[in-house]
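Asks: A single structure is presented below for examination.
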Amino acid sequence: MPVNIPKLKQTESRNFFLIAGPCAIESREGALEIAEKLVDVTNRLEIPFIFKGSYRKANRTKLNSFTGIGDLPALEILREIGERFMVPTLTDFHEAHEAAMAAEYVDVLQIPAFLCRQTDMLTAAAQTGKVVNIKKGQFMSGDSMAFAVEKVQSVNPEAPVFLTDRGNSFGYGDLVVDYRNLPAMQAHGVPVVMDCTHSLQQPNQASGVTGGKPALIATIAKAAIAVGADGLFIETHPRPSEAKSDGANMLPLDQLEELLKKLLQIRKAIL
């Protein structure tokens, strides 16, 4: 399904598109290191690429967890990456009044999964004129996400929208992916993305630190491409064990290229 995003390259390759980057912007140097590697790999493999990074983490389990380096410093780094590498950038926001601020720095605004029913968030994103990525709530079906798309397009009928699955709650502290949700969401007439890292989270652990199963990232990604996902969302870091947010379910950066090559083979087989 076509994806209409400013600055998105390699769109004629017929490959899936990739949203990738660190969970949070931890530093300028770290973000640039990750972006440079991702741009190099995706250019060589002809994969349309969107750099992602959160300017603030507002939904941490513990009060003293890392939340960010400051909104504006992080957003400035996202702007620099977009301009330096000429790639679209994506970030999430958590309150409606922040949409206009974030829109000044990035190309895609993301609605977090647990806020996907918040009308004021969806309409605020639509009002910016930016591309809107809505993550499917862990408590929602793919069919029910039609109403989230409807809210955005009721404000801006021309707004490019895509939907991202990140699994469904499966008891306490675990998630499961129901791949029926991918074609269900594509039926709403929008591109659909599989979040291969957050779907492997083990949230709200007794320790107060989110766990994960990163060894299964390739499994989730392969299945998503086989089912026909338009894009993949993968959080990655050079040293996940040192990451300040969600390190337990991020893909080591040096493993990404080999995974993408395998995924391209699957993509070629199903086209």
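None of the figures in this text is laboratory data; all of them are computed from the coordinates on show. Since the structure is predicted, the reported quantities are computational estimates derived from the model, not experimental observations. Using ideal geometry, Cβ is built from the backbone for each residue, glycine included, and neighbour counts are taken over all protein chains shown.
Asks: Please find the FRET efficiency linking Thr123 to Arg180, where r is the Cβ-Cβ separation and R0 is fixed at 22 Å, and quote it to the nearest 0.05. Don't skip to the answer; put the middle values down first.
Replies: Details: r = 29 Å, r/R0 = 1.30.
In this case the efficiency is close to 0.15.
Asks: Something else: What does the extension gain come out to for His94 and Glu242, with contour length at 0.36 nm per residue minus their alpha carbon separation? Mind showing how you got there, number by number?
Replies: Numbers: separation 148, 0.36 × 148 = 53.28 nm, distance 2.51 nm.
Working it through step by step, the gained length comes to 50.8 nm.
Asks: Here's something else I'd like to know. Nearest 20 debye, what's the magnitude of the dipole of the chain about its Cα centre given +1 on Lys and Arg Cβ and -1 on Asp and Glu Cβ? Don't skip to the end; give the middle numbers.
Replies: Numbers: 28 positive and 31 negative charges, 112 e Å.
Once rounded to the nearest 20, the dipole reads 540 debye.
Asks: Still on this structure: Only counting other Cβ atoms within 10 Å, I'd like Asp178, Asp246, Asp71 sorted with the fewest neighbours first. Don't skip to the end; give the middle numbers.
Replies: Working: Asp178 13, Asp246 24, Asp71 17.
By the 10 Å Cβ count, ascending, the order reads Asp178, Asp71, Asp246.
Asks: What are the residues whose amide H is under 5 Å from the amide H of Thr164, where those residues sit 5 or more places off or on another chain and H is modelled from the backbone?
Replies: Ile134, Lys135, Lys136, Val193
Asks: Which one of Phe93, Gly231, Leu109 is farthest out on the positive end of the charge dipole of the chain, using unit charges on Cβ (Lys, Arg +1; Asp, Glu -1) and the Cα centre as origin?
Replies: Gly231
Asks: Taking a threshold of 29 Å on the Cα-Cα distance, which of the pairs Lys9/Lys135; Lys213/Lys261; Lys57/Lys136; Lys57/Lys268; Lys136/Lys262; Lys151/Lys261 fall above it? Kindly include the intermediate steps, with their values, before the conclusion.
Replies: Values: Lys9/Lys135 23 Å; Lys213/Lys261 21 Å; Lys57/Lys136 18 Å; Lys57/Lys268 36 Å; Lys136/Lys262 26 Å; Lys151/Lys261 37 Å.
Violating the 29 Å limit, Cα to Cα: Lys57/Lys268; Lys151/Lys261.
Asks: Extending each Cα 7 Å along its Cβ direction at Leu72 and Glu258, get the distance between those two points in nm, one decimal.
Replies: The modelled label-to-label distance comes out at 4.4 nm.
Asks: Figure the gain on full extension for Glu33 and Ala226 (residue separation times 0.36 nm, minus the Cα-Cα span) and round it to one decimal in nm. Don't skip to the end; give the middle numbers.
Replies: Working: separation 193, 0.36 × 193 = 69.48 nm, distance 3.08 nm.
That pair, Glu33 and Ala226, stretches by 66.4 nm at full extension.
Asks: Antiparallel DSSP bridges in the chain: what percent, to the nearest 5? Spell out each step's value before the answer.
Replies: Details: 4 of 34 bridges.
Antiparallel bridges: around 10 percent, rounded to the nearest 5.
Asks: Take Glu80 and Ala58, extend 7 Å from each Cα along the Cα→Cβ direction, and tell me the distance between the two endpoints in nm.
Replies: About 2.5 nm separates the two model spin labels.
Asks: How much length is gained if the chain between Ser65 and Val155 is pulled fully straight, taking 0.36 nm per residue apart and subtracting their Cα-Cα distance, in nm to one decimal? Write down the numbers at each step before the final one.
Replies: Details: separation 90, 0.36 × 90 = 32.40 nm, distance 3.57 nm.
Difference between extended and current length: 28.8 nm.
Asks: Fewest to most neighbouring Cβ within 10 Å: what's the order for Val193, Val131, Val149? All intermediate terms of the calculation are to be shown ahead of the outcome.
Replies: Numbers: Val193 28, Val131 23, Val149 20.
Arranged by neighbour count, lowest to highest, Val193, Val131, Val149 become Val149, Val131, Val193.
Asks: Under a cut-off of 15 Å between alpha-carbon atoms, report the aspartates and glutamates in cross-link reach of Lys7, not counting same-chain residues fewer than 8 places apart.
Replies: Glu46, Glu80, Glu83, Asp107
Asks: Where in segment 35-50 does the label zone of Thr11 land, with the point 7 angstrom along Cα→C-beta and an amide N cut-off under 17 Å?
Replies: Taking a point 7 Å out along Cα→Cβ of Thr11, the residues of segment 35-50 whose backbone N falls under 17 Å are 43, 46-50.
Asks: If you don't mind, there's one more thing I want to ask. Label point 7 Å out from Phe147 along Cα-to-Cβ: which residues of segment 95-137 have amide N under 19 Å?
Replies: Under 19 Å, as judged by backbone N against the label point of Phe147, lie 111-126, 134-137 of segment 95-137.
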